[in-house]
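Only one structure is covered here, and it is reproduced in the block below.
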Amino acid sequence: MSARLTHSGLPEGLAPFTLLNMLDRLRHQLGLGKGEIVYLRFAFTRLSPQDFGRGHICAIWYKVGRLADELDLSPRQICRIEAALERLGFILRTARHNRSRDGRRAEDGRIAAAWGINFAPLIERAVEIRRLSQAAARRTERLKEDRARVTALIREIRDLDCAEALSAARAVLPRLRASEIGARENLETVISALEAVLADFSAPIGQTSPSAAADENVRPDTKKKTNIKTCSEALSAPQTTPAQLCLLASDGLREAIRLYASALDPGRVPGWQAIAMAARDRAMEHGVPARDWQRSCDLLGEERASLCLMLVDRNAERRDRYRVRNLPKAFGGMIRREARRRGVADRLLAELRQFLVRLEREG
C-alpha cells in the first residue's frame, strides 16, 4: 500500500458519523445523491474508529456483488455510486493487478494494506465540509430570524386596523405567510417593503383616539367634531431647522456636516448647504447610486432629500421595530412616497424625536 493512501486524520472533536451527517445535510450543495449517502453510511459502519486517525489507512474492500447484496441494490447501481463519489472527490478506487479487491489488518487492528475503496480524500476534506456545514447552519438561523421579522411586521400592520395598509402588505406578500419565502435575498426585500408599508400607514406619535365616555351623566356634545384619519392623510411639513436636523442626525452624518460647515462658513451654525453636501456623501457611503441621489434632489429639493437620508441613516442604527436593514431601498421608497405627498418623512421625524427623548430619559 502506497503512503499516499493514508490521511492526516479528522479534525479534533469531529467524529466520523458527525462528518457523515454533515455530508447528508449538504448533499444537494455538494452534488451527492441519496444513494451516495446510503453507501457512505454503510461503509462507515464497517470501519474502525482508529481508521480515521492521522497516518492510518481508511478503506473497505468489499466486492461489488457483496455491496449490492448488503444495500439491496444492483451491481450496476453500486458502480455508478462509486464512480460518482470518486468524481466528486470523496473516495479513491484502487485494485490489484487483476482488478480484485482485497485487504488485511495488522495485529493491532490497523489496516496494513487495502485494495478497494479508500476514504482518504473525504477525510482530507473534513475541515472544508465542517466549514460549509457551519455556514449552512448560520444561513438557516438567519432565515428563521428574518421570517420571524416578517411575521412581526405583518402582525403590526394588522394591528393598524387599516384596510389600505393590509392591502399594501398583500401587494408585497399576497398570502401574508413568511414560510412561503425561501431565499434570504427575497426575505430582505419583503422586510424592507413591509417596513415601508408600516412606516407609511402608522399613525403619528402622540395622536390618540378619545376614550368613550360613561353612559350616565353625559351632557350633549354640541361641538363640531373632526374625524382623525390615520392611514393616508398627509401631515403638514414640520418646521425643521438645520440645527434641529443636526441634533437628530447619526454620529457619522453629524461629523460630516461639521466638516463641511467648518469649510464653508467657519464658526457659524451649519446651514442647509453643508447638510446637503454631507447627506450626499453619506448616501454614497451607504451605496445609494449618485443618479438616485440627484433624482431625489430633483423631485423633492436638496433639503427634503437630506431630511429623508437623515431619517433612514439614523434608523439604520436602531434596534427596535423601525430599524432600517437595507438603506438604499428604504431611502428610495421614502423618496417615492414623499414625491406622492404621503408625508411619511414628517411622521418618521416625529417618531424619531420621540424615540430620542425616550432614550435620553432611559439613559
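Pull up the cross-link candidates among the aspartates and glutamates for LYS34, meaning alpha carbon to alpha carbon under 19 Å and not fewer than 8 places away within one chain.
Straight-line reach from LYS34, under 19 Å: ASP24, ASP69, GLU70, ASP72, GLU82, GLU86.
Which residues in the stretch 304-333 have a backbone N closer than 15 Å to a point placed 7 Å from the Cα of MET284 along the Cα-to-Cβ line?
Correct set: none at all.
Say each of SER250 and ARG46 gets a label point 7 Å from the Cα, pointing the same way as Cα to Cβ; how far apart are those two points in nm?
Taking the two extended label points, one gets 5.9 nm.
Give me the extension gain from ARG268 to ALA135: residue separation times 0.36 nm, minus the current Cα-Cα distance, reported in nm with one decimal.
On the way: separation 133, 0.36 × 133 = 47.88 nm, distance 5.14 nm.
That works out to 42.7 nm of additional length.
Once phi is turned into ³J(HN,Hα) by the Karplus curve 6.51 cos²θ - 1.76 cosθ + 1.60 with θ = phi - 60°, what whole-Hz value does each residue of the stretch 263-278 show in order, with x for glycine and proline?
7, 7, 8, x, x, 10, 5, x, x, 5, 5, 5, 5, 5, 5, 5
Starting from the Cα gyration tensor of the stretch 1-101, take the square roots of the eigenvalues, sort them a ≥ b ≥ c, and report rounded, prolate or oblate (rounded when a/c is under 1.5, otherwise prolate if a/b is larger than b/c, else oblate). Kindly include the intermediate steps, with their values, before the conclusion.
Working: a/c = 1.67, a/b = 1.11, b/c = 1.51.
Oblate.
Once fully extended, how much extra length lies between ARG142 and ARG175, figured as 0.36 nm per residue of separation less the alpha-carbon to alpha-carbon distance?
Values: separation 33, 0.36 × 33 = 11.88 nm, distance 2.18 nm.
So the chain would gain 9.7 nm between ARG142 and ARG175.
What ranking do 298-307, 21-30 get when scored by the average of other Cβ atoms within 10 Å per residue, highest first? Walk me through the numbers on the way to the answer.
Values: 298-307: 18.3, 21-30: 15.5.
Ranking the peptides 298-307, 21-30 by packing returns 298-307, 21-30.
Report the convex hull volume per residue for the stretch 99-200, counting only C-alpha atoms, in Å³. Don't skip to the end; give the middle numbers.
Working: hull volume 15.6 nm³, N = 102.
Once divided by residue count, the hull of the stretch 99-200 is 153 Å³.
Computed FRET efficiency, Cβ-Cβ of ARG321 and LEU88, R0 45 Å: what is it to the nearest 0.05? Before the final figure, lay out the partial values.
Values: r = 45 Å, r/R0 = 1.01.
So the FRET efficiency works out to roughly 0.50.
With θ set to phi - 60°, apply the Karplus curve 6.51 cos²θ - 1.76 cosθ + 1.60 along the stretch 153-163 and write out the HN-Hα couplings as whole Hz, x wherever there is a Gly or Pro.
5, 4, 4, 5, 5, 4, 5, 5, 6, 10, 4
Going by average Cβ neighbours within 10 Å, how do the peptides 256-266, 310-320, 103-113 rank, with the highest at the top?
For the peptides 256-266, 310-320, 103-113, the packing ranking is 310-320, 256-266, 103-113.
Solvent-accessible area per residue for the stretch 1-51 at a 1.4 Å probe radius, Å²?
Details: 2570 Å² over 51 residues.
Dividing the accessible area of the stretch 1-51 by its residue count gives 50 Å².
I want to check the label-to-label distance for ARG99 and GLN294. Put each point 7 Å from Cα in the C-beta direction and report it in nm to one decimal.
Result: 7.0 nm between the two label points.
Between ILE37 and ALA339, with labels modelled 7 Å along Cα→Cβ, what's the label distance in nm to one decimal, could you check?
Once both label points are built, they end up 4.9 nm from each other.
The values are calculated or read from the model by the stated rules, or taken from the named source; none is laboratory data. From a predicted model like this one, the values you see are computed outputs, not experimental measurements. No Cβ is skipped: glycine too gets one built from the backbone with ideal geometry, and neighbour counts run over all protein chains shown. When the accessible area is computed, the model is the full protein with side chains, heavy atoms only, and any ligands, DNA or RNA have been set aside. Shrake-Rupley method; radii C 1.70, N 1.55, O 1.52, S 1.80 Å.
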